[in-house]
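J.: Attaching a single structure in structure tokens format; questions to follow.
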Amino acid sequence: MTKAKANIKRVVIFGSFSGRNKGDLAILRSQLIQLKRWAIEEITVYVFTKDTRQLREYLSDIITDGTDRNKLNIKILRSFTAYIGPMTLPVLARCDKVIIGGGGLFFDTKLLNPFFNHVLNLFFITALIRLLHKPTLLFAVGCSHLNSKLSRVLTQFIINNAQIITVRDQSSKSELSCLANKSVL
């Protein structure tokens, strides 16, 4: 991530933050700490999850009420899947930037089950982001081998609508580089 600019006041972070994968939660914590460190002024960060209680508990040491200008104003929002809930569209419409990741979000097991697989959810989120013209960063994402043509097409749409793509490992870089129309870092 680069230093947050003064005009970035609202950021949405999407990922797998239901609490079962500690690695994904660690990546989220790292993102929030970096945003806090680099922010020029207060930034409100919206994080969607199926389990708001567990995520609030995990992030309790860095969540504030917004009164301390040195900290982020973190809003944890309930969603039906890890991405889609009643506040998804209104929050996306108001945000300045979208971060997707990290963690293993690109795989084709149970591809058409939106409660298990991330690719279908991310496809719909990316379509909304594109319609709303929001800059997007894929951060520290993982990708396993995509066996089905549908998973490759959906993943290609997602990654080619991001301004920056960073991955968590060399295997993910190899998989996504084959689909991307830009550099995968």
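J.: Could you list, in sequence order, all residues of the range 126-152 that are in contact (Cβ under 8 Å) with a residue 60 or more places away in the chain and over 20 Å from residue 91 (Cα atoms)?
T.: Of everything in the range 126-152, just one residue is in contact (Cβ under 8 Å) with a residue 60 or more places away in the chain and over 20 Å from residue 91 (Cα atoms), namely 140.
J.: Something else now. Checking the condition over 16 Å from residue 138 (Cα atoms) and surrounded by fewer than 17 Cβ atoms within 10 Å (Cβ to Cβ), which residue from 55, 72, 89, 59 passes?
T.: Of 55, 72, 89, 59, the one residue that is over 16 Å from residue 138 (Cα atoms) and surrounded by fewer than 17 Cβ atoms within 10 Å (Cβ to Cβ) is 89.
J.: Further, regarding this structure: Is it the case, given these coordinates, that residue 162 is assigned to a helix (DSSP H, G or I), under 24 Å from residue 77 (Cα atoms) and modelled with pLDDT of 95 or more?
T.: No: the conditions fail for residue 162.
J.: Going through the range 21-47 one residue at a time, which ones are crowded, with 17+ Cβ neighbours inside 10 Å and either of a type in the set (A, V, I, L, M) or over 19 Å from residue 142 (Cβ atoms) (or both)?
T.: Residues of the range 21-47 that are crowded, with 17+ Cβ neighbours inside 10 Å, as a first pass: 24-25, 27-28, 31-32, 35-36, 39, 43-47.
25, 27, 28, 32, 35, 36, 39, 43, 44, 45, 46, 47, listed by residue number.
J.: If you don't mind, there's one more thing I want to ask. Restricting attention to the range 153-174, does a residue exist that is within 17 Å of residue 107 (Cβ to Cβ) and in contact (Cβ under 8 Å) with a residue 60 or more places away in the chain?
T.: Residues of the range 153-174 within 17 Å of residue 107 (Cβ to Cβ): 153-159, 165, 167-174.
Add one more test, that the residue is in contact (Cβ under 8 Å) with a residue 60 or more places away in the chain, and what stays is 168, 172.
Within the range 153-174, one or more residues are within 17 Å of residue 107 (Cβ to Cβ) and in contact (Cβ under 8 Å) with a residue 60 or more places away in the chain.
J.: Using the structure shown, decide if residue 101 is over 14 Å from the mean Cα position of the chain (by Cα), modelled with pLDDT under 95, on the phi > 0 side of the Ramachandran plot and not charged (D, E, K, R).
T.: On the way: over 14 Å from the mean Cα position of the chain (by Cα): no; modelled with pLDDT under 95: yes; on the phi > 0 side of the Ramachandran plot: yes; not charged (D, E, K, R): yes.
The answer is no for residue 101.
J.: If residue 87 satisfies every condition in (1) touching a strand residue (DSSP E or B) at 6+ places or on another chain (Cβ under 9 Å); (2) within 17 Å of residue 179 (Cβ to Cβ); (3) hydrophobic (A, V, I, L, M, F, W, C) but one, which is the exception?
T.: Residue 87 satisfies every listed condition except (2).
J.: Also, quick follow-up: Can you confirm whether residue 123 is aromatic (Phe, Trp, Tyr), within 22 Å of residue 168 (Cβ to Cβ) and touching a helix residue (DSSP H, G or I) at 6+ places or on another chain (Cβ under 8 Å)?
T.: Judged against the criteria, residue 123 is a match.
Per-residue answers, yes or no, for (1) outside any helix (DSSP H, G or I); (2) more than 27 Å from residue 151 (Cβ to Cβ); (3) at pLDDT below 90:
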site: 34; (1), (2), (3): no, yes, yes
site: 67; (1), (2), (3): yes, yes, yes
site: 80; (1), (2), (3): yes, no, no
site: 83; (1), (2), (3): yes, no, no
site: 90; (1), (2), (3): no, yes, no
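The values are calculated or read from the model by the stated rules, or taken from the named source; none is laboratory data. Computed from a prediction, not measured in an experiment: that's the story for all the values here. In this analysis, Cβ positions are derived from the backbone assuming ideal geometry, glycine residues included, and neighbour counts consider all displayed protein chains.
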